[in-house]
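Working notes, structure below.
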Amino acid sequence: MMKRYPVYRTASAPASRKLGAAGLALALTAFLAMRFGVIDADVFVLSLVVSAVIAFAALVLALHACNRIWIHGGPGVPAALTGTIFGLLALGPPALVVAMLVLRPGTQDLSTDRLEPPEVNAQSLAAEQPFLGWFDDAVQQHVWPSVARWSGSAAAPDGGTQQRFPDIVSRRYRISTAQLHAAGAKALDTLNWKVVDELPPDLLDAPTRLQAEGTSRILGLKHDVTLRIRPDPVGALLDVRARSRTPLNDISGNPDHIRNVFAEIDRVLLDTYGDLARLAVDETVVEEELQPEPDEELRDTIPLPGFKPYVEEDDTPAPDGPDLTDLEG
């Protein structure tokens, strides 16, 4: 009889498949729970960290199984490949979240007016999230300065938001504050953002305010958008502030929210008045219009009077002589 040798079977391949499936299931469960508001952002990120660790272990076991099968032979290649696929899929969401946190730091609170941003209602503040707050601060303090030094540009004190978002600036319009308030309210309604606070205009040129609450499409993250409208010498001045309730970023962030507000307001004004170029005012135009015109040309010398001033003199001769006394003195 022919002697049959035992077939080598590696335990790493089935273990890799089970760990990969567990990591993928945890990542999907955390995503669905975050989307429907069952967990907060800190729990979501920590769950993704755990799933990433499990997925990395599955990949290591899959590589070890392939190496053992290459040396000793035996079954287990399909299980190792399945564990590799599950592990890579489980690493996708954590890698995407970390990439969004690293590539877009300092955008948790963004405003067109960096010095005096519009006020946000304090009741809309969410609970503290220590892990995400620590991670976001670490990125701004260590990652972005290193990137700035590597690229040869100095890091800005505000995290470089002014340099990275040069289009996020205040805007002026040649309409009253009440008309711009109505256009802003219609723009927020078009964006499906719920208005939670409002200061309606009581006069045609009185300051107004709008605050809306929005939800991101992918992760269901809450964010606040505030519109501040003030009277301006050319019409109305619009400032927009977008603030996330968590450092966690979605596919669309606060810069996109501000751009969407400007785009929708422009569309509303275009549909209403038909000539947007006549309403939107550029900063150079404002400087030219607000620059005072001199009344007359500057003179190099002091002008001389056109006539000789006349002083009335008394015709009575003054007393003369050493013995005479002036009575008026």
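The values are calculated or read from the model by the stated rules, or taken from the named source; none is laboratory data. Please read all numbers here as calculations on a predicted model, not as lab measurements. Quick reminder, even Gly has a Cβ in these numbers, built from the backbone with ideal geometry, and neighbours come from all protein chains shown. Protein only, heavy atoms only, side chains kept; ligands, DNA and RNA dropped before computing areas. Shrake-Rupley method; radii C 1.70, N 1.55, O 1.52, S 1.80 Å.
For the range 68-90, a residue qualifies if it is part of a helix (DSSP H, G or I), modelled with pLDDT under 90 and either open to solvent by 70 Å² or more (accessible area, probe 1.4 Å) or of a type outside the set (A, V, I, L, M, F, W, C) (or both), and the qualifying residues are R68, W70, I71, H72.
Taken over the range 201-233, the criterion of being farther than 19 Å from N121 by Cβ, out of contact with any Leu (no Cβ under 8 Å at 6 or more places or on another chain) and not in a loop (DSSP other than H, G, I, E, B) is satisfied by D232 alone. Taken over the range 175-192, the residue count meeting the criterion of being outside any loop (DSSP other than H, G, I, E, B) and either more than 11 Å from V261 (Cα to Cα) or open to solvent by 10 Å² or more (accessible area, probe 1.4 Å) (or both) is 10.
Residues in the range 4-30 that are closer than 30 Å to R217 by Cβ and touching a helix residue (DSSP H, G or I) at 6+ places or on another chain (Cβ under 6 Å): G20, A21, A22, G23, L24, L26, A27, A30. Against the test of being surrounded by fewer than 18 Cβ atoms within 10 Å (Cβ to Cβ), of a type outside the set (D, E, K, R) and within 19 Å of P118 (Cβ to Cβ), the options V195, V240, V225 yield a single qualifying residue, V195. When we screen V268, V196 for residues that are under 29 Å from L32 (Cβ atoms), touching a residue at least 60 places away in the same chain (Cβ under 8 Å) and of a type in the set (A, V, I, L, M), the only hit is V196.
Residues that are in contact with a strand residue (DSSP E or B) (Cβ under 7 Å, 6 or more places away or on another chain), open to solvent by less than 80 Å² (accessible area, probe 1.4 Å) and either modelled with pLDDT of 90 or more or of a type outside the set (S, T, Y) (or both) do not occur anywhere in the range 305-328. Scanning the range 104-134 for residues that are modelled with pLDDT of 70 or more, open to solvent by 50 Å² or more (accessible area, probe 1.4 Å) and in a helix (DSSP H, G or I) returns P130, F131, W134. Looking for something surrounded by 14 or more Cβ atoms within 10 Å (Cβ to Cβ), assigned to a helix (DSSP H, G or I) and modelled with pLDDT of 90 or more - is there at least one such residue anywhere in the range 93-103? No; the residues of the range 93-103 include none that is surrounded by 14 or more Cβ atoms within 10 Å (Cβ to Cβ), assigned to a helix (DSSP H, G or I) and modelled with pLDDT of 90 or more. A single member of L32, L19 is of a type outside the set (S, T, N, Q) and in contact (Cβ under 8 Å) with a residue 24 or more places away in the chain, and it is L19.
Pairs linking a residue in the range 219-243 that is within 21 Å of M34 (Cβ to Cβ) to a residue that is of a type in the set (F, W, Y) and open to solvent by less than 10 Å² (accessible area, probe 1.4 Å), with Cβ atoms under 8 Å and 6 or more positions apart or on different chains, are L219/F44. Scanning the range 56-66 for residues that are surrounded by fewer than 23 Cβ atoms within 10 Å (Cβ to Cβ), farther than 30 Å from D42 by Cα and either of a type in the set (S, T, Y) or touching a helix residue (DSSP H, G or I) at 6+ places or on another chain (Cβ under 6 Å) (or both) turns up at least one hit.
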